[in-house]
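Student: This structure is in structure tokens; I'll ask about it shortly.
Derivation of every value follows stated rules applied to the coordinates shown; laboratory data play no part. None of these values were measured; they are calculated from a predicted model. Backbone-built Cβ (ideal geometry, glycine too); neighbour counts: all protein chains shown.
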Amino acid sequence: MSRSPRSCSRILTTCSWLILGLTIASCQSERSSGPGSDSVASPGSGSDSGSNYDSDYGPDPRDLEFMQVSDEIHVAFRPVPLRYWVEGNVTIILNEQDVVVVEGSGTDRSAEQVIGYIRTLTENPVSVLINTHGHGDHTVGNSVYRREFPGLEIIARPETRDYLTGSGIGYVKDLAQSTESRKARGHEEIARLEREQPPGYEAVVANLRQYYDRDIDIRQEAYSMAEIVPPTMTIDRRLVLHREHRTIDIR
């Protein structure tokens, strides 16, 4: 693809733990960048998405929306970011020959939606998946990328690989087996908040009810199908990916 690099932009993405940071430096043409800042629903989300859970609690927590934030850089996100359980945002970097994705999503379903969205933008494969850290909302969907893109490299810190190959991610298996003790503790917390009524408790209670009355069952179903896939490449200090019009600096 031919284009004149008339303007350059720099986007800095860092994870909250500062475990792995990412800088994307790209030279971009001044052509139209498409949908701009408008968000769109995920492919396959909505009322026909296959979820059999009570819709009174809102959309399926695995469903994402998408936004183009810069020329050839998109973000996937859950519309209610503080909803429990949490879901990490995903950055999609479209290059001339490949796609680089930051974060693997928290469930297979979410990862499939991101991949479906990517395929509406380009025929290029995802060649690199970056995990900023090991928490499940960033890594449980790794297996979907490995399945869909043979030869994919999953890049992270050594500590992230240790977390995913050790006991750190064990809560995924535990929750897949049983949710009863978690539900009991959750409803105890709801009762305490309703009894003590601290400032703003109503919103907290509504969030907790949504999770313990419905979303935890969706999470259990998702985790029962999860396959934990660790990074295939680890970096200690720095790795720079060079593309024709862009460098991606991973630290």
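Student: What ranking of Lys173, Lys183 emerges when the number of other C-beta atoms within 10 Å of each C-beta is taken as an exposure proxy, fewest first?
Tutor: Lys173, Lys183
Student: Test of understanding: ordering Ser224, Ser167, Ser110 by Cβ neighbours within 10 Å, fewest first, what list do you get? Walk me through the numbers on the way to the answer.
Tutor: Numbers: Ser224 12, Ser167 8, Ser110 29.
The order, fewest Cβ neighbours first, is Ser167, Ser224, Ser110.
Student: May I ask for the distance between the Cα centers of segment 186-227 and segment 107-178, given as a whole number of Å?
Tutor: The two parts, judged by their Cα centres, are 25 Å apart.
Student: What residues qualify as long-range amide H neighbours of Thr107, i.e. H under 5 Å apart, gap of 5 or more or another chain, H built at 1.01 Å from N?
Tutor: Amide H neighbours of Thr107, under 5 Å, 5+ apart: Gly141.
Student: Further, regarding this structure: Residue-wise, which Karplus ³J(HN,Hα) couplings in Hz belong to segment 191-200, taking 6.51 cos²θ - 1.76 cosθ + 1.60, θ = phi - 60°, and x for glycine or proline?
Tutor: Rounded to whole hertz, the list is 4, 5, 5, 5, 6, 8, 6, x, x, x.
Student: Here's a follow-up. Among Glu72, Glu189, rank each residue by its count of other Cβ atoms within 10 Å, from fewest to most, as a rough exposure measure. Before the final figure, lay out the partial values.
Tutor: Working: Glu72 21, Glu189 14.
Final ranking by Cβ density, sparse to dense: Glu189, Glu72.
Student: State whether segment 88-207 is rounded, prolate or oblate according to the following rule on the C-alpha gyration tensor (a ≥ b ≥ c being the square roots of its eigenvalues): a/c under 1.5 gives rounded; otherwise a/b larger than b/c gives prolate, and the remaining case gives oblate.
Tutor: Cα axes put segment 88-207 in the prolate bin.
Student: Something else: Return the sequence-ordered ³J(HN,Hα) values of segment 242-251 in whole Hz as given by the Karplus equation 6.51 cos²θ - 1.76 cosθ + 1.60 applied to θ = phi - 60°, using x for Gly and Pro.
Tutor: 3J(HN,Hα) across segment 242-251, in whole Hz: 9, 10, 4, 10, 7, 10, 10, 9, 9, 10.
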